[in-house]
Amino acid sequence: MSAILRAAVNEVTHVRQYQPGRVVSASKVVDMRSDTVTRPSPAMRKVMAEAVVGDDVYGEDVTVNELERKCAEYFGKESALFVLSGSMGNLLAVMSHCGMRGSEMIVGQQAHMHRWEQGGYAQLAGVSATTLVNEPDGTIALDAIETAVRDGTDFHQPTTQLLCLENTHNYRGGVAITIDYMQKVRTLADKYGFRVHIDGARLINAAVALGVSADKLVADADSVQMCFSKGLGAPMGSILCGDKAFIERARRSRKAVGGGWRQAGILAAAASMALENGVHTVTRDHANAVRLATELNRLASDKFLVNMNTLQTNIIMVQLRSNDAAVLCEKLGAMDPAVLCSPFDADRIRLVTHCDIQDSDIDVVVNAFAKL
């Protein structure tokens, strides 16, 4: 190995072991902070290297075009747009659905779009939000939505243009929202004339958990965004799907927020492979999550417990009997082997299975928790 290549490998290893505030120097690191930490497999790197590319701003990248066609079909929508990230996809959905600045959307208080996307809907789209409580199953109560809708007859108030839902719901532990609920939401949307957008960052996880196809799960939504870099193993990129007019508006807005890209087929090739393997990938992740949660509960610890009734996908919420989640995460990261995980709030630790987690890694995590 050349000196330059060796230095590059060392740098990547250093970054891989990074945790906010320090560098982990353990013999082995199991990173379960998120399913965003995965690296492209050798097979994925190969298809990226061999991708046929062009200038996507001119609409000439055939690999991007094929990915968009494939995703539109996969989600049962007319058209699709490949974008940089889930946050960008969600922002473009708000901009394209709401149109006039000063309109309003309804979103859950614990939704990713509200909590972790820097308020882009207000900051960049000029749209205000009514935030409603997310129920334990990730939904928003139908009567709460109906009460919150404002029809614009009073010019003192904004007009409700959009309802945003999240599936799976991150803050509620990766729970999946059902088709039945979506059908009831559609009835409300048709009654009051607002649109429905799904932040489906982990939508394939939801589809697998519910045993339904992705297109049926979003059939009652006007648009859906899904990440290729969460759970599916691609390095970056998301897809936004909807009708043709919606996607054309989103494409125009994408340029305005700096999302026009050139030979993006390199990334689209990875995304396409991730989509093709998606059901298999997340099915394995779900099985690993159940195994890990079961083993943690077998420890019969007086410090923590996993509620198996709310474990549906690849997100494991470890409920602590104290408010020291950050301290325990520090301890787990300081062990050798080290386990990297996230203090989700004061009394919950989040563990996320993903395609880079092997069977032996589950054993490492269980042993680390046993030491606590």
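With a cut-off of at least 3 residues that are surrounded by 23 or more Cβ atoms within 10 Å (Cβ to Cβ), name the helices (runs of 4 or more DSSP H) lying wholly within the range 160-272.
Values: elements: 179-192, 203-210, 214-217, 244-256.
It comes to 203-210, 244-256.
Is the range 109-119 home to any residue that is farther than 25 Å from residue 350 by Cα and at pLDDT 95 or above? It would help to see each step written out before you state the result.
Residues of the range 109-119 farther than 25 Å from residue 350 by Cα: none.
No - not one qualifying residue is present in the range 109-119.
Considering each of 294, 281 in turn, give the residue that is more than 29 Å from residue 74 (Cβ to Cβ) and hydroxyl-bearing (Ser, Thr, Tyr). It would help to see each step written out before you state the result.
Working: 281 fails: more than 29 Å from residue 74 (Cβ to Cβ).
Only one candidate passes the filter, namely 294.
Between residues in the range 229-242 that are assigned by TED's automatic domain parsing to the domain that holds residue 96 and residues that are modelled with pLDDT of 95 or more and of a type in the set (Lys, Arg), which pairs lie under 6 Å by C-beta distance while being six or more apart or on different chains?
Here the result reads 230/202; 231/202; 241/77; 242/77, each pair linking the range 229-242 to a residue that is modelled with pLDDT of 95 or more and of a type in the set (Lys, Arg).
Name the residue that is surrounded by the fewest Cβ atoms within 10 Å (Cβ to Cβ), counting only residues in the range 330-352 that are over 23 Å from residue 312 (Cβ atoms) and among the charged types (D, E, K, R).
Once the filter is applied, the top-ranked residue is 336.
Looking only at the range 143-159, decide whether some residue is among the small types (Gly, Ala, Ser) and buried (at least 20 other Cβ atoms within 10 Å of the Cβ).
Residues of the range 143-159 among the small types (Gly, Ala, Ser): 144, 148, 152.
Within this subset, residues satisfying the condition of being buried (at least 20 other Cβ atoms within 10 Å of the Cβ) are none.
Within the range 143-159, none of the residues are among the small types (Gly, Ala, Ser) and buried (at least 20 other Cβ atoms within 10 Å of the Cβ).
Limited to the range 70-113, what total is found for residues that are basic (Lys, Arg) and more than 13 Å from residue 226 (Cβ to Cβ)? Walk me through it before giving the result.
Of the range 70-113, the ones basic (Lys, Arg) are 70, 77, 101.
Right, trim to more than 13 Å from residue 226 (Cβ to Cβ) and you get 101.
Total satisfying the criteria: 1.
Check off (1) closer than 30 Å to residue 175 by Cα; (2) assigned to a helix (DSSP H, G or I); (3) among the β-branched types (Val, Ile, Thr); (4) touching a residue at least 24 places away in the same chain (Cβ under 8 Å) for residue 106 and give me the number that stays unchecked.
Result: residue 106 fails condition (2) only.
Out of all the residues in the range 34-74, which are part of a helix (DSSP H, G or I), within 30 Å of residue 316 (Cα to Cα) and not basic (Lys, Arg)? I'd like the intermediate steps shown before the answer.
From the range 34-74, those part of a helix (DSSP H, G or I) are 42-49, 56-58, 62-74; that's our starting set.
This time we only want the ones that are within 30 Å of residue 316 (Cα to Cα), so: 42-45, 71, 74.
Answer for the range 34-74, where residues must be part of a helix (DSSP H, G or I), within 30 Å of residue 316 (Cα to Cα) and not basic (Lys, Arg): 42, 43, 44, 71, 74.
Among 122, 93, which is of a type in the set (A, V, I, L, M), in the same structural domain as residue 268 (by TED's automatic domain parsing) and under 22 Å from residue 207 (Cβ atoms)? If you could, list the steps in order and put the result at the bottom.
Details: 122 fails: under 22 Å from residue 207 (Cβ atoms).
93 is the lone residue from the list that is of a type in the set (A, V, I, L, M), in the same structural domain as residue 268 (by TED's automatic domain parsing) and under 22 Å from residue 207 (Cβ atoms).
Can you pull out every residue in the range 146-171 that is in contact with a strand residue (DSSP E or B) (Cβ under 6 Å, 6 or more places away or on another chain) and over 24 Å from residue 311 (Cα atoms)?
148, 149, 150, 158, 160, 162, 163
Can you name the number of the only condition in (1) under 22 Å from residue 188 (Cβ atoms); (2) surrounded by fewer than 22 Cβ atoms within 10 Å (Cβ to Cβ); (3) of a type in the set (S, T, N, Q) that residue 123 fails?
(1)
The values are calculated or read from the model by the stated rules, or taken from the named source; none is laboratory data. None of the values given here were measured: they were computed from a predicted structure. Every residue, glycine among them, receives a Cβ derived from its backbone with ideal geometry; neighbour counts consider all protein chains shown.
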